[in-house]
Amino acid sequence: MGPMELMLILVLALIVFGPGKLPEIAGQVGKAVRDVRRATTELSGEFNRTLSLELEEKKEAEAAAQAPAAAPAPAPLSAVTPPPVPVTDAV
């Protein structure tokens with residue numbers, strides 16, 4: 001909004017409400033704007049906290065899913081031993 005629009009709104013408010021009620025109405029409007037900003041800030045903070053928790057849980061779940069795949073299981077030991085190799089003397 002430009003300065004001309006603000007001037008027009010102020011003049012109209014002065015005509016409609018009169019000079020006696022204008023400060024009271026301005027105070028009420030200011031309080032309403034402050035309340036809306038406070039509520040917006042609280043909602044934004046709650047949204048950011050919830051989003052952070054969700055991202056953390058997702059990262060932890062992905063890390064847990066990746067951990068077993070990253071460390072391969074050791075090869076099972078064979079219960080059967082190979083036969084001994086005969087030793088021959090070549091003289």
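Side notes on the structure shown:
- Total residues in segment 1-17, condition loosely packed, with under 10 Cβ neighbours inside 10 Å and either among the basic types (Lys, Arg) or at pLDDT 85 or above (or both): 5
- GLN66 meets the conditions (1) over 28 Å from the mean Cα position of the chain (by Cα); (2) at pLDDT below 90; (3) in a helix (DSSP H, G or I) in every case but one. The failed one is (1).
- When segment 18-36 is limited to residues that are on the phi < 0 side of the Ramachandran plot and small (Gly, Ala, Ser), the one that is surrounded by the most Cβ atoms within 10 Å (Cβ to Cβ) turns out to be ALA26.
The values are calculated or read from the model by the stated rules, or taken from the named source; none is laboratory data. Note that this is a predicted model, so its numbers are computed, not measured. Cβ coordinates were reconstructed from backbone atoms using ideal geometry, including for glycine residues, and neighbour counts include every protein chain displayed.
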